[in-house]
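The values are calculated or read from the model by the stated rules, or taken from the named source; none is laboratory data. Quick caveat, the model's predicted, so the values are computed rather than measured. Cβ sites come from the backbone with ideal geometry, for glycine too, and all protein chains shown count toward neighbours.
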Amino acid sequence: MIVRTSKENREIVANLSRKLSLGSENHIARIAFAYSLSKEKLNLLDIKNSSGKEYSKSVFFGDNYELYVGLISVKYNLHSSDKDIPRYIKMHVDDGLERLNELFENNTHQDILKLVKKEF
C-alpha cells in the first residue's frame, strides 16, 4: 500500500516539516493522520486527488501497519480487510495536513501549543 497526499498538500508537507524541524516528511504526515482521526468522521465522497507526496508502506507505517488499520476500522466500524481503509487513511492524512496548516497560518507558536494541549 502506498499513501499519497493531494497535490495541494505536497507543499504543506514540506512547509510544516521545515517549520517544526521534523526532518523526514513522513513524521508530519503521521501527526496529521492522528490529528485528523481525533476529529469527526470523513466522507469517502470528499476524497482528493493523489498527485502529491508519496509514502511507501514501510516509510509511512513502519512496523505499525496493523495499528493504523485498526484505528480506521474502529472509527468507521469496518473489517480490517475492507477495501476502503487505504482511502480513509489517505483522506485523514490530507485532512490533518490542511488542519495543521491552518493552525500555523492563523496562530502564533504559543497559541498552537495551547490549542494542541487543549484538544488532546
Review point. Any idea which of (1) modelled with pLDDT of 90 or more; (2) surrounded by 11 or more Cβ atoms within 10 Å (Cβ to Cβ) is the one K83 doesn't satisfy?
Key: (2)
Exercise for review: Output the helices (runs of 4 or more DSSP H) that fall wholly within segment 6-72 and possess 2 or more residues being within 18 Å of E102 (Cα to Cα), or say none.
Suggested key: 7-19, 25-37
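Going by the conditions given, is K19 loosely packed, with under 15 Cβ neighbours inside 10 Å, modelled with pLDDT of 90 or more and basic (K, R)? Before the answer, list the steps.
Values: loosely packed, with under 15 Cβ neighbours inside 10 Å: yes; modelled with pLDDT of 90 or more: no; basic (K, R): yes.
No, not satisfied.
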Check your understanding: Which residues, taken from segment 43-76, are among the aromatic types (F, W, Y) and within 26 Å of A14 (Cα to Cα)?
Key -> Y55, F60, F61, Y65, Y68
Review point. Among the residues of segment 38-47, is any surrounded by 15 or more Cβ atoms within 10 Å (Cβ to Cβ) and either modelled with pLDDT under 95 or under 26 Å from N107 (Cα atoms) (or both)?
Key: yes
